[in-house]
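J.: Below you will find the structure I want to go over with you.
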Amino acid sequence: MENKSGWYGLDENKIKAISDFAEKYRKFLSEVKTEREAVEFFENNAKFYGFEEYVPSYKGKRFYIKKNNKAIAFVNISGKVEEGFRIIAAHIDSPRLDLKPYPLVEDKDTETILFKTHYYGGIKKYQWVSRPLALRGVVVKKDGTAIKINIGDSENDPVFTIPDLLPHLARKVQGEKKLLEGFEGEDMQIIISHMPDKNDEKNPLKTFILNLLKEKYNIDENDLYSSDIEVVPAGQAKDVGMDKSMIGGYGQDDRICAFTSFFGMMDSNKKTNEIVILLDREEVGSDGNTGAQSNFIEYVVTKALDASGINYTYSLYLDILHRSKVISADVNAVVNPLFKGVHDMLNAAKAGHGVIVTKYTGSGGKYSTSEARAELVAEIISVFDKHSIKYQFGLLGKVDEGGGGTVAKYFAKYGMEVIDIGPGLMSMHSPFEIVSKFDLYSAYEAYRAFLEG
Ligand code: MN
Ligand code: MN
């Protein structure tokens, strides 16, 4: 394969297509920062493309199914269902901090109100301190009313922050620790307020903030127990570099694959049976009823059979699963010029070199991964060649350096043929992940091509 980035030799039209698509994506990244917001975004867009929400009486070919507003699947049936589906699975949860069930702490010594958090997924905690943070999520009152929370991203909104220690006093407390231990789980508390209520001498600080929550959002302290509130980086996704060739922003793992596979499906010629399934909880092992280890995919396939009005047997159902092909659409890492040592450079992916085909993920001797077999790899790359899509092979780091997994293995257990394919990021899992716009577009093209065959 030619070892040059994909930016070489692009014509004006292609460059324009890439930057138009990237701009649409940049806005999406700026707006959508939680799995619930992603479900809402994709649902609204799917309706625009003529997809309907599945109901038990539904008979038709283009529909979507939501699970708890945290996962969503889109189905297009253009062939015989018996032949199986081309499935793309991505995840819409990202590493972050979640508020604890009892979040509110009043620190009497400093007269400060803080919210306690529990981190979600693999974060380097020190990256989340001393930076503007936003609160996003939902509070559900006992009567079922849901109150949306979105503070920190509108122009006049305040932001929140975890205060770091000044270097002058950090010599022992942080300086003698390992980098990744400089901040510990219980230290991850965000500053909420420090203004007192003038009329309450006993708990002036707490009363002030509770009154404010009541007044502004109609939330009582007890309502916080029944909430899903996420602490995410505040601010917009931005073009990165003088040449604006990259995009930096939060949550690209794996909303970049959700975005590119969703629009790949919407823009495909719709000649096959397609499913794009956007899952939750991948960053914490895919457990839970909205994660890849739940039976959501089985539920979706079964409803696709119902929608087609065919009588089926368990045997036929298994045939359909076994005849299906899956792209596990998740990001891989591209080489960071500052940390080349963690990669086997011969098998490492590079920014701008196109979507990455990852034959296997896992770690320590290919543990905890399904592996795409040679026949499937050959089939996929011949489709990419047919559509003139630039791709590269990549592995996540050196053997024994570390590793990571994707949802691939949870689809493989159904007998489906699965391969990991996605764009590469730099600074993955940080509050500001970076992607080359060329790779973003190449992922979109690759997913569309896979669905079209
Ligand atoms: Mn991921
Ligand atoms: Mn991840």
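Every number here is computed from the coordinates shown, using simple stated rules; none is lab data. Just so you know, these numbers come straight off a predicted model, no measurement behind them. Note that each Cβ is placed from the backbone with ideal geometry, even for glycine, and that neighbours are counted across all protein chains shown.
J.: Any chance you could give the angle, 0 to 90 degrees and rounded to 10, that helix 35-48 forms with the longest Cα principal axis of the chain?
T.: 50
J.: Distance between the C-alpha centers of the range 213-291 and the range 1-72? Whole Å please.
T.: Cα centroid to Cα centroid, the span is 11 Å.
J.: So, one more: Alpha carbons only, please: Rg and Dmax for the range 60-121, in angstrom.
T.: Radius of gyration, then largest Cα-Cα span, for the range 60-121: 21.5, 69 Å.
J.: Another question about this same structure. Excluding the sites themselves, what is the longest stretch of the chain that contains no chymotrypsin sites (Phe, Trp or Tyr not before Pro) in a DSSP loop with at most 11 other C-beta atoms within 10 Å?
T.: The reported range is 9-338.
J.: Within the range 201-283, report the trypsin sites (Lys or Arg not before Pro) that DSSP leaves as loop and that have at most 15 other Cβ atoms within 10 Å.
T.: Of the trypsin sites (Lys or Arg not before Pro), the ones in loops of the range 201-283 whose Cβ has at most 15 other Cβ atoms within 10 Å are Lys202, Lys244, Lys271.
J.: Please turn the phi angles of the range 244-258 into ³J(HN,Hα) values with the Karplus equation 6.51 cos²θ - 1.76 cosθ + 1.60 (θ = phi - 60°), one per residue in order, whole Hz, x for glycine and proline.
T.: 6, 8, 10, 10, x, x, 7, x, 5, 8, 10, 5, 5, 6, 4
J.: Counting only residues 5 or more places away or on other chains, whose amide H sits under 5 Å from the amide H of Gly403 once H atoms are built in the peptide plane?
T.: Sorted by chain and number, the residues that satisfy this come to none at all.
J.: I want to check the label-to-label distance for Asp20 and Lys177. Put each point 7 Å from Cα in the C-beta direction and report it in nm to one decimal.
T.: 5.0
J.: Please list 3J(HN,Hα) in residue order for the range 77-83, calculated via the Karplus relation 6.51 cos²θ - 1.76 cosθ + 1.60 where θ = phi - 60°; whole Hz, with x for glycine and proline.
T.: For the range 77-83, the Karplus curve yields 10, 10, x, 6, 4, 4, 7 Hz.
J.: With a cap of 14 neighbouring Cβ atoms within 10 Å, and only residues DSSP puts in a loop, list the trypsin sites (Lys or Arg not before Pro) found in the range 34-95.
T.: Sparse-neighbourhood loop trypsin sites (Lys or Arg not before Pro): Lys59, Lys80.
J.: For the chain, what is the charge dipole size about the Cα centre, in debye to the nearest 20, if Lys and Arg each add +1 at the Cβ and Asp and Glu each add -1 at the Cβ?
T.: The calculated dipole for the chain is roughly 700 debye.
J.: Each residue of the range 349-366 in turn: what ³J(HN,Hα) in whole Hz from Karplus with 6.51, -1.76, 1.60 and θ = phi - 60°, glycine and Pro shown as x?
T.: Computed from phi, the couplings for the range 349-366 are 8, 10, 4, x, 9, x, 4, 9, 9, 10, 5, 8, 10, x, 7, x, x, 6 Hz.
J.: Over the chain, calculate the relative contact order: mean separation of alpha carbon pairs under 8 Å at least 6 apart, over the residue count, as a percent.
T.: Computed value for the chain: 23 percent relative contact order.
J.: Provide the percentage of antiparallel DSSP beta bridges, counting only those with both residues in the chain; round to the nearest 5.
T.: In the chain, approximately 70 percent of DSSP beta bridges are antiparallel ones.
J.: Report, by chain and number, residues whose modeled amide H sits under 5 Å from the one on Phe85, excluding near sequence neighbours (fewer than 5 apart, same chain).
T.: For Phe85, whose amide H was placed from the backbone, the distant partners under 5 Å are Ser324, Lys325.
J.: Could you give the longest part of the chain that holds none of the GluC sites (Glu not before Pro) found in DSSP loops with at most 12 neighbouring Cβ atoms within 10 Å?
T.: Longest stretch, sites excluded: 202-453.
J.: Ranking Val284, Val75, Val129 by Cβ neighbours within 10 Å, fewest first, what do you get?
T.: Val284, Val129, Val75
J.: Over the range 96-233, what is the mean sequence separation of C-alpha contacts under 8 Å (at least six apart), divided by residue count, expressed as relative contact order in percent?
T.: 36 percent.
J.: Using only DSSP helix segments of four residues or longer, with each worth -39500 (n - 2.57), what per-residue ellipticity at 222 nm results for the chain after dividing by its residue count and rounding to 500?
T.: It comes out at -8500 deg cm²/dmol, rounded to the nearest 500.
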